[in-house]
1. Give, to the nearest whole percent, the P(r) tail of segment 66-163 beyond 21 angstrom, counting all Cα pairs.
2. Could you run the Karplus curve 6.51 cos²θ - 1.76 cosθ + 1.60 with θ = phi - 60° over segment 139-145 and give me ³J(HN,Hα) per residue in whole Hz, x for Gly and Pro?
3. If you put +1 on each Lys and Arg Cβ and -1 on each Asp and Glu Cβ, how big is the dipole of segment 66-163 around its Cα centre, in Debye rounded to 20?
4. Please give the length that would be gained between SER90 and ILE102 if that part of the chain were fully extended, namely 0.36 nm times their separation in residues minus their C-alpha to C-alpha distance (nm, one decimal).
5. Got a sec to turn the phi values of segment 131-137 into Karplus ³J(HN,Hα) couplings, 6.51 cos²θ - 1.76 cosθ + 1.60 with θ = phi - 60°, whole Hz, x for Gly and Pro?
6. Are any of the pairs LYS70/LYS112; LYS70/LYS94; LYS77/LYS152; LYS70/LYS152 more than 19 Å apart by Cα-Cα distance, and if so, which?
7. With the crude spin-label approximation of a point 7 Å out along Cα→Cβ, what separation in nm comes out for ALA137 versus VAL162?
Amino acid sequence: MNSKGGEMINPKSQISNSKQIPISNVQNSKQGSFGHCLLFGIWCLVIGISISGCAVIKETAKGISGISIKALEEARKDAIIKPLNYDYFSCYTKTLDILRQIGAYIYMQDIKKHMIAIYVSEQDTTAVGLFFKEIDATHTQIEVSSPSTSAKEFISSKIFSVLNPE
């Protein structure tokens, strides 16, 4: 206490230390640095997408969600192939009917792209692809592909036993 009855003020507390950095400046510099890193990351992502193309991202998303047909297309080299005595539209629609009857889960179908992608059933998510090729006005070829030999053989036997009974 001083002689006037008030509290004594420490003279050191009022002297500023030029070596100390105010806290607000440290926080601002950290936020600015994070903002620059975020901006740089977004810029790299945009450039990467532009260079690689959107198809890569789209196929990756399909793969993650489980609906990609890339593996089915790659397995076409080992597909079971059969020409049938049906025009393209009839062959395609009859095949869809058979797949529904046997309980296959159709997860992708595109008549313009000449394909149907299925899982063997709702419980068995082994993927099988059916690819159609119009040979002429009255004949269509079906390719049944899958990374799984047993799934490919099972589905092709069901389809061909109805469409091409021998």
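1. Result for the distance tail: 22 percent.
2. Karplus values, whole Hz, x for Gly and Pro: 9, 9, 9, 10, 10, 9, 10.
3. Dipole about the Cα centre, nearest 20: 40 debye.
4. Stretched out fully, the SER90 to ILE102 stretch lengthens by 2.5 nm.
5. Each residue of segment 131-137 in turn: 10, 10, 9, 6, 7, 7, 4 Hz.
6. LYS70/LYS94
7. Each label point lies 7 Å from its Cα, and together they span 2.8 nm.
Each value in this text was obtained by applying a stated rule to the coordinates, not by laboratory testing. All figures in this text were calculated on a predicted structure; none of them were measured in a lab. Every residue, glycine among them, receives a Cβ derived from its backbone with ideal geometry; neighbour counts consider all protein chains shown.
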